[in-house]
Every structure is written in structure tokens, then in C-alpha cells.
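The values are calculated or read from the model by the stated rules, or taken from the named source; none is laboratory data. This is a predicted model, so every value here is computed, not measured. Because the Cβ atoms are built from the backbone with ideal geometry, glycine has one as well, and the counts that use them run over all protein chains shown. Keep in mind that these areas ignore ligands, DNA and RNA; they rest on the heavy atoms of the full protein, side chains included. Shrake-Rupley method; radii C 1.70, N 1.55, O 1.52, S 1.80 Å.
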Amino acid sequence: MRKAAAVLGVLAFAATACGGTSGTPSGRPASGGTFTYAMPTDPGVLDPAMGVLSVTNTVLSFAYDTLVNTAQDGTITPGLAEKWDVKPDSVTYTLRKDVTCSDGSKLTPADVAANVNHIVDPATKSPIYGVLVPAGMKAAADDAAGTVTLSTPQPFSFILESSRLIFIVCGKGVKDRSLLARGTSGSGAYTLTEAVPGDRYTFGVRKDYKWGPNGRTAEGLPDKVVLKVVPNEQTAANLLVSGALNAVTVYGADRARLEATPGLGKQIETGGNGQFFYHQGDGRPTKDLAVRKALTQAINLKELAGIASSGTGRPATGLVLEPRPCKGDTITGHVPAFDAAAAASALDAAGWKAGEGGIRSKDGEPLTLRVLYATTKGAGVQAAAEYMGAEWRKIGVDVKLNGVIDTKLSESLTTTQDWDVVWLPIGVTLPSQLVGFLSGPAAPKGANFAHLANKRYTELVAKATLVPGEEGCKMWLEAESALFENVDLVPVVDTTVLTATKGATFETMAGLFDPTTIRLTEGG
């Protein structure tokens, strides 16, 4: 398997699956042809330095490579780099000599360095800086030696692992990033040939591609890949059954129908962590820990988990997706238990008194919560938001639900900040990738969209970052638990999704395609 994308599942930089193979029950591989896959929403701008949405990273995974890849067990394997030398505060990569960009130019160490330094540059305002690219990282190229060195100001425990998530731009795109808004300039197995926002993205195979994971080449790949925007899951499922699509990922009610349909390939994968955040900005009622705790006590999280996952989820044990570098359960015993009566009493004690119509208020201000969620993750998420709203109304909260598409949700998180509670999966494969979201400069100036200021979390991650191995992992796990104890976010469920296929097989890692494994099959 191969690349792990991180972020927001809506944010998905890292992963929404542990990996797997999807395919038809039978059928021999067929050469050439077109592979068509349904995406729930448009990916937006395609510059890898700005790619924060899972759907965006799905698109990018066809056109770009990373320095290293990831095996299904989490092992780091060669990618654009054939070998590497790791030190506590740096890693030096020796690049393959046969890699070319889609425009025919040779990939150079200077290209790789330019990618990292562009992301780090404050003028770029990259949302993946401090998340996928560690804060303070610098890149230095030695074109003569064929090496590039990534370094950090102090030791960084995941310095090698972090580079598996950086899509490398090469060729003309390095000098002119404007080309990347609706185009690609990478070394990947495919090149974007057509972009019709809101409808489809078409890729053509690179016949000269020969540096894929485990020595895979362009041989046997489909000539064309079409990523079609299909917002309605039922429509996507119908298109798959009819043969108009080769693959679709399903979150909602159509999952059961596809699971029961003969002749389809079916793969159950981890869909990400179902969880919600409280906005802790100035003037928000949820800035108060007592209010956050009370709101959480008012929700039966076990019941909510079943609703959000349509009964197909698994108990949540942490924020990092499998395979985790740090093993352990950070959730059990650290989240407020369900107690609606205690929740009401806590709000009374915090000064939020019930008034006319049962709505609570304090100092003349009603207790109002704007609940934000994505509409692209199946009916379960909408039902979960409605359940949360209903339970909070029972204890005197005025709740306003707001379901939006992924790109609008991202805008609300990073710019308009027009929410108080947000249901937001964040898929990461390293605990260090969460730090920028959960601490530091608040949005819109930083990635800390919920304005969190958890002193214990910040102190623990600062120490853990410097220490590799088991000792560092203990601090990373403790830091996660500190978030739940302070009710900064509430973990609910690990969701699962169905990837169904017809007439094709492929492998995924972390919710991203490994394009070099796509095969069309005869009789599909």
C-alpha cells in the first residue's frame, strides 16, 4: 500500500482507512480503458500546499508522489527517495535518479526543497504548515549529491514519518504555482488532462512511469481515470450498479443495498473518527469548561455512536488512525459520563437559568448553539446532529443546525467562524499532525479552528516531540487524554465505510488510492 494523506474527513491529511483491496468477485485483468470513481464533492484548488480536504487529497494522489510510502503495517518504504539517513533533528533523503515530472523535466533535490520551503513560507499561508510539515522545518538541496535534507530547530520524534504525507510538486509548477489551481505538475502515475469543477476531473496515464511502490510501473494501468463529482450517494450507488461507475465509497443508507448486491466487490474500511468540537473563542458560551462538561453529560454517547455510524461503527479508542505509532486507549475514563440531570444542574450552577419557553440565558444572552456538520458523509452524520440538538433542547439550549458541503465547512472553520459546535472527523496517522489544529494561533490566523488553549496538552506535546520511541509515546497518549478531560473535543465513534466496485480492483491506504494498483477487469 502506499501514501497516507492526512486531514479535515472532512479534514483529512492522513487517512481514512487502514488499507485494503477492492474488486469484483471474478474477472481477469484488462489493459487500457477508463476507470471512473465517484467523489461526493468538488476538491477545490488543487495546489498540494493548500490541500486540506480528504477529497482534495484523493485527487492529488493520482498525480503526485511522496518521498516515502507506507506499508499496510505502518512500515516506511521507499518512494521518490531510495534511502534516507535519520537524525533526531534532520533526515537526509537520497532521491531516485530516474524520476521525471509530467512535463518531462527531471525531478531534482532543489524541487523537493522548494516544496517544503514554500509551505513553510508565511506568505503562502499553507493550512498544512504545522500539521503535515513540522513548524520551523527547513529544506536544503544538494543537487550534485542527489540529496535533500529536511531539518527542524529541535529534535522531532516523527521527522521521517512526516514526509510520507507531502505531495511533491515538480517541473513548471515549482516556479509558477498558479498552474496548480486547476492543473497538476507532479511525478505521479497520472496527469490531469481535464478539470470541470463541480462535474469531473480526468487523468491520463503516464506510460513512462516506472518508480511506483514495490517497483510497480504503468504497465496494466487504465489509460484514463475519471473522478466524477456525484453529491448524492443514492445516485452514485445507482450508477455503480448500472456500470456507469467502477467504484464508490458509501457512508449512508445505500451501504446495505450495495452489500446485498451480487457481482460487486466490497471492502469495509475505517471511515474516520466521529467526534465533535466546542468553539472556545471569546464570548462563546462553550469557552466555559462547566458548560462544555454539562453539554457532554446531556448526550448519551453510546446511543449517539450508533446513530452517527448507522450501527456500523466501532468503539473509539484514540484520535490517531491505524496503524498507530503509539498504541493505547486514550479515551476510556476520560470523557464525562451521560447524566442529563447533572447536566441541567451544572448549567444552573454556571448561571444559565431557564426562562420563557424553557430557553436558558445568562446576563440577558440566550444559550444558543450553532451546530455545524458536513452533508457529504451520509445520513448518519445529519441524524447525529439532529439527535444532539434534540437532547440539548431538553436542557434549555436554543440549537440551530447548519449542514453544509465540505468546502463551505472548511470556510466556516478557518474564516467565518460561524459555529459553536462542529461535528468534524480529522484523519491523521501521527499524533504530531493534530498539534496545529488543537493548539497555537487560532483561526483565522492559524489552524486552531476551535480556539483551544489546553495548557497541559501543550506542555505534554512539547516534551513528546523531543522524545522518540515508547517514552515519547506515553506523553503523546497522555496529551490526548488531557483534551478529553478538558472537554475540548468529544470522541464518539470510529466509523466504517463501504467501498464497492464493479469491473475494477485497486488498493487503498489511508483513504487514498494507490494508482499503480488500479486494474480494470473483464466481465465487470
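Table for the structure above
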item	result
Residue within segment 72-92 that is at negative phi, at pLDDT below 90 and part of a strand (DSSP E or B) present	no
Within segment 51-71, considering residues that are in a strand (DSSP E or B) and of a type in the set (Val, Ile, Thr), the one nearest to VAL133 (Cα to Cα)	VAL68
Qualifying residue in segment 153-173 (condition: in contact with a Cys (Cβ under 9 Å, 6 or more places away or on another chain) and in a helix (DSSP H, G or I))	yes
Flag for VAL497 being touching a Phe, Trp or Tyr at 6+ places or on another chain (Cβ under 8 Å) and under 24 Å from ASP420 (Cα atoms)	no
Checklist (1) at pLDDT 95 or above; (2) among the acidic types (Asp, Glu); (3) surrounded by fewer than 19 Cβ atoms within 10 Å (Cβ to Cβ) applied to GLU356, failing item	(1)
Considering residues of segment 174-184 that are out of contact with any Leu (no Cβ under 6 Å at 6 or more places or on another chain) and in a helix (DSSP H, G or I) only, the residue surrounded by the fewest Cβ atoms within 10 Å (Cβ to Cβ)	SER178
Residue match in segment 165-182 (condition: modelled with pLDDT of 95 or more and within 25 Å of SER31 (Cα to Cα))	no
Residue selected from segment 295-312 under the condition open to solvent by less than 30 Å² (accessible area, probe 1.4 Å) and in contact with a Ser or Thr (Cβ under 8 Å, 6 or more places away or on another chain), by the criterion nearest to ASP420 (Cα to Cα)	LEU295
Among the residues listed as ALA374, ALA343, the single one being crowded, with 16+ Cβ neighbours inside 10 Å and either in contact with an Asp or Glu (Cβ under 6 Å, 6 or more places away or on another chain) or β-branched (Val, Ile, Thr) (or both)	ALA374
Checking LEU369 against (1) in a strand (DSSP E or B); (2) more than 25 Å from VAL55 (Cα to Cα); (3) open to solvent by 60 Å² or more (accessible area, probe 1.4 Å), the condition it does not meet	(3)
Extreme residue, farthest from LYS106 (Cα to Cα), among residues of segment 201-214 that are open to solvent by 80 Å² or more (accessible area, probe 1.4 Å) and basic (Lys, Arg)	LYS207
SER309 being more than 21 Å from the chain's Cα centre (by Cα) and small (Gly, Ala, Ser)	no
Segment 201-220: number of residues that are charged (D, E, K, R) and over 22 Å from ALA30 (Cβ atoms)	0
Residue list for segment 101-131, restricted to those being among the hydroxyl-bearing types (Ser, Thr, Tyr), out of contact with any Asp or Glu (no Cβ under 7 Å at 6 or more places or on another chain) and open to solvent by 20 Å² or more (accessible area, probe 1.4 Å)	SER102, SER105, THR124, TYR129
Among (1) open to solvent by 60 Å² or more (accessible area, probe 1.4 Å); (2) under 16 Å from ASP488 (Cα atoms); (3) part of a loop (DSSP other than H, G, I, E, B), the one test that ILE331 misses	(1)
GLY403 being part of a strand (DSSP E or B) and either on the phi > 0 side of the Ramachandran plot or open to solvent by less than 40 Å² (accessible area, probe 1.4 Å) (or both)	yes
Extreme residue, most open to solvent (accessible area, probe 1.4 Å), among residues of segment 215-231 that are of a type outside the set (D, E, K, R) and within 10 Å of ALA38 (Cα to Cα)	PRO231
Some residue of segment 388-398 being surrounded by 17 or more Cβ atoms within 10 Å (Cβ to Cβ), farther than 19 Å from PRO336 by Cβ and over 25 Å from the mean Cα position of the chain (by Cα)	yes
Residue within segment 185-208 that is touching a helix residue (DSSP H, G or I) at 6+ places or on another chain (Cβ under 9 Å), part of a loop (DSSP other than H, G, I, E, B) and aliphatic (A, V, I, L, M) present	yes
Subset of segment 252-276 (residues that are surrounded by fewer than 24 Cβ atoms within 10 Å (Cβ to Cβ) and closer than 19 Å to MET509 by Cα)	GLY265, LYS266, GLN267, ILE268, GLU269, THR270
Subset of segment 239-251 (residues that are surrounded by 14 or more Cβ atoms within 10 Å (Cβ to Cβ), outside any loop (DSSP other than H, G, I, E, B) and modelled with pLDDT of 95 or more)	LEU239, LEU240, VAL241, ALA247, VAL248
Hits in segment 93-104 - residues which are over 27 Å from the mean Cα position of the chain (by Cα) and of a type in the set (Ser, Thr, Tyr)	THR94, THR100
